[in-house]
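One structure is given here, and the rest of the page talks about it.
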Amino acid sequence: MPGIRAVPVPSNAVLLHIGPHKTGTTALQGAFHNGRATLAAHGVHYPGPDRSPGMAILAVTGRPPRRGDPSPRHAAWKALVAEVAAHADQRVVISSERFASTPPDRIRPIVADLDPARVHVVVTLRPLARILPSQYQQYVQNALTMPYPIWLRRTLARPPGSRPSPDFWVRHAHDQLVQRWVDAVGADQVTVVALDDADPSSLPRAFEQLLDLPPATLELGLSNRSLSAGEIETLRQLNWQFKRRRWPQSLYGRYARDAFVNRVRQRPLHPDDPRLVTPAWAVQRAQEVSAAAATAIERSGVQVIGDLSVLSRPEPADRVGEPPKDPPVPASVVARALVGTIVVGRDTRWPRQPEREVAHLSTGVLVRIVARRLRRRLRRRLRLLGS
């Protein structure tokens with residue numbers, strides 16, 4: 001397999017893992033987070049207190065947080081940069097898929113903050129055909145209301161930057177993603193890891209080679225399990241209700257993610273739970289895009305770990321098909337969602353006029369509000385005249 005053995009980065013390098021999304025980032029970050037002590041013994045520092053410094057990355061890239069999450073503060077990025085500088089004689093690993101959405105004009109300032117001489121960028125790639133259903137699911141968890149088949153047609157047919165998901169091709173035009181970072185740091189400081197889903201060890205082994213760690217040092221953490229087709233459709237319908245009723249965005253994270261997604265994920269998937277499958281035409285289009293991207297990446301001169309041909313490998317038959325319009329939802333899913341809603345609702349106070357918006361009010365309610373205010377003004381004037 002070409003490019004299977006990586007050249008380790010320098011002993012004081014900043015290994016900047018930029019994702020993109022849906023390429024095993026959660027599991028890898030868990031491995032780094034849980035293995036801090038072991039990594040430190042081998043001269044590798046993993047900064048920050050959390051699994052990933054996501055809010056710091058959002059602050060420096062200028063990207064918005066997930067719906068319902070707090071706004072990021074630039075102080076978080078400054079603190080991360082200071083911690084990296086304090087470990088100038090060690091390898092430092094920063095892993096966040098949110099780097100993949102960085103606007104081109106912000107890449108060089110990020111590299112400058114971290115020291116261009118130290119930065120080595122790593123891009124982990126999976127077949128686009130596998131990423132499509134996973135990324136759609138993530139968008140649904142951020143309030144997308146569009147059905148999967150329609151989302152596929154609009155995403156694959158429209159140019160980058162178009163709705164419904166303007167950042168999809170920013171993240172997943174993989175050859176362009178690689179080239180943006182090559183332009184900032186040079187091809188000799190960029191590594192692409194082509195992940196083989198048939199070999200889960202390919203991800204941790206690649207980073208062990210890059211960091212000159214002994215084999216089996218990194219033990220992948222648990223990744224969030226995918227939602228079933230029925231769970232995704234239930235959440236999509238909930239998103240539609242949030243939108244139709246104009247409920248405040250500030251409560252979306254609590255009711256959609258905490259009360260529904262996080263509770264439902266506690267239930268192990270059953271073999272009979274229907275999986276979100278992708279139509280054959282979309283799989284074919286994704287394979288064509290992946291093959292073209294692989295060719296461009298190979299010509300870019302970056303270091304490649306793995307075999308880029310896996311990115312356009314044919315999909316198994318059970319992952320290809322027409323998504324069901326009304327997939328079944330087990331009673332255990334409904335029960336967990338109801339319990340989560342009760343628990344969250346017990347501790348949540350809904351604002352009377354959320355986020356100073358009145359657009360969610362009906363015309364009749366608006367008329368009554370205006371009439372009540374006019375009556376108050378009229379009574380005040382009558383009192384003044386009487387006095």
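The values are calculated or read from the model by the stated rules, or taken from the named source; none is laboratory data. Since we're looking at a predicted model, the values are computed, not measured. Cβ sites come from the backbone with ideal geometry, for glycine too, and all protein chains shown count toward neighbours. Heads up: the accessible areas ignore ligands, DNA and RNA and are worked out on the full protein's heavy atoms, side chains in. Shrake-Rupley method; radii C 1.70, N 1.55, O 1.52, S 1.80 Å.
Go through segment 10-25 residue by residue and turn each phi into a ³J(HN,Hα) via Karplus (6.51, -1.76, 1.60, θ = phi - 60°); whole Hz please, and just put x for glycine and proline.
With the stated coefficients, segment 10-25 comes to x, 5, 10, 6, 9, 7, 9, 8, 9, x, x, 4, 6, 10, x, 5 Hz.
Cut-off 10 angstrom, C-alpha nodes, Gaussian network model of the chain. Which of Arg67, Arg118, Arg349 fluctuates the most?
In this elastic network of the chain, the residue with the biggest mean-square fluctuation among Arg67, Arg118, Arg349 is Arg349.
Using Cα-Cα distances under 8 Å and only pairs 6 or more residues apart, what relative contact order does the chain have, in percent?
Here the relative contact order equals 23 percent.
Given a 1.4 Å probe and heavy atoms of the protein chains only, how would you sort Thr234, Thr23, largest accessible area at the top?
Ranked from most to least accessible, the order is Thr234, Thr23.
If the cut-off is 13 Å between C-alpha atoms, which aspartates and glutamates fall inside it for Lys78, apart from same-chain ones fewer than 8 positions away?
Excluding near neighbours in sequence, the set is Asp113.
For segment 159-260, rounded, prolate or oblate, judged on the Cα gyration tensor with a ≥ b ≥ c (square roots of eigenvalues), a/c < 1.5 rounded, else prolate if a/b > b/c?
Oblate.
Calculate the spin-label point distance for Ala85 paired with Arg73, positioning each point 7 Å from the Cα along the beta-carbon direction, and give it in nanometres.
2.0
May I ask for the distance between the Cα centers of segment 15-30 and segment 259-333, given as a whole number of Å?
17
For volume of the Cα convex hull per residue in Å³, the listed values are (i) 188; (ii) 177; (iii) 144; which was obtained by calculation from the structure presented?
Given (i) 188; (ii) 177; (iii) 144, the structure-derived one carries the label (i).
Give the carbon-plus-sulfur fraction of the accessible surface of segment 1-82 in %, rounded to a whole number; probe 1.4 Å, heavy atoms of protein chains only.
Here it works out to 56 percent.
Heavy-atom accessible area of Lys243 with all protein chains present, probe 1.4 Å, nearest 10 Å²?
Per-residue accessible area (Lys243): approximately 130 Å².
What is the percent carbon and sulfur in the accessible area of segment 159-200, measuring with a 1.4 Å probe over the protein chains and ignoring ligands?
Using a 1.4 Å probe with all protein chains present, segment 159-200 comes out at 49 percent carbon and sulfur.
Treating cross-link reach as a plain straight distance, find the lysines whose alpha-carbon is under 21 Å from the alpha-carbon of Lys325, omitting any fewer than eight places away in the same chain.
Straight-line reach from Lys325, under 21 Å: Lys243.
Ordering Val320, Val121 from largest to smallest accessible area (1.4 angstrom probe), what's the sequence?
Val320, Val121
Could you do me a favour and compute the accessible area per residue for segment 1-82, 1.4 Å probe, result in Å²?
45
Please say if segment 252-308 is rounded, prolate or oblate, where rounded means a/c under 1.5 for a ≥ b ≥ c the square roots of the C-alpha gyration tensor eigenvalues, and otherwise the choice is prolate for a/b larger than b/c and oblate otherwise?
Prolate, because a/c is 1.5 or more and a/b exceeds b/c.
Pick from Arg319, Arg275, Arg377 the residue whose mean-square fluctuation is largest in a GNM of the chain, springs joining Cα atoms under 10 Å.
Looking only at Arg319, Arg275, Arg377, the largest GNM fluctuation is found for Arg377.
Can you compute the helix-only [θ] at 222 nm over the chain? Use -39500 (n - 2.57) per DSSP H run of at least 4 residues, normalise by all residues, nearest 500 deg cm²/dmol.
It lands at -14000 deg cm²/dmol.
Keeping all protein chains in the complex and leaving out DNA, RNA and ligands, what accessible area do you get for Arg254 with a 1.4 Å probe, in Å² to the nearest 10?
Near enough 100 Å² of accessible area.
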